[in-house]
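The values are calculated or read from the model by the stated rules, or taken from the named source; none is laboratory data. In this text, all values refer to a predicted model and were calculated from it rather than measured experimentally. Methodologically, a virtual Cβ is constructed for each residue, glycine included, from the backbone with ideal geometry; neighbour enumeration extends over all protein chains shown. Calculation scope for accessible area: heavy atoms of the full protein, side chains included, ligands and nucleic acids excluded. Shrake-Rupley method; radii C 1.70, N 1.55, O 1.52, S 1.80 Å.
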Amino acid sequence: MMRSIWKPAVNAGLEEVTQRLKTEAFLRSLHAHLKPEGLVAFNLIERDPSTPSDIDGIRAAFPSTYLFDVPESGNLVIIGTLNETSLTKERLFSGARELEGLLPIGLPFERFVKSLR
């Protein structure tokens, strides 16, 4: 019986589960769950030693990626999409302003775009 990529073995440790979620095979398996205009978001700890290789894996699995610093948190949010063409910074700013108007929840979307790497 084959185990699903989504479910680790019952006796798997946290390290094993975490490592499986970082493989390019797992990241590419997410494609099947996205609509063409969909995206997946990852929240990484910038100072974690594995972060650079995690970023490389996400970039290898998704045609377009966007890296945003989360101000005053030490976190790094990475958005991966299936789009072959990346959005311009101007388009991201436009979307950020739109989100701030639609979702008055106090998230500084425009600040996120300013931190784009």
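Counting the residues of the stretch 58-75 that are surrounded by fewer than 15 Cβ atoms within 10 Å (Cβ to Cβ), at pLDDT below 90 and touching a helix residue (DSSP H, G or I) at 6+ places or on another chain (Cβ under 8 Å) gives 1.
For the stretch 9-38, a tally of residues being in contact with a Lys or Arg (Cβ under 9 Å, 6 or more places away or on another chain) and modelled with pLDDT of 80 or more returns 1. Scanning the stretch 100-114 for residues that are assigned to a helix (DSSP H, G or I) and open to solvent by less than 70 Å² (accessible area, probe 1.4 Å) turns up E100, G101, F109, E110, F112, V113. Of all the listed residues (I78, I45, I55), the sole one being at pLDDT 85 or above and touching a Gly at 6+ places or on another chain (Cβ under 8 Å) is I45.
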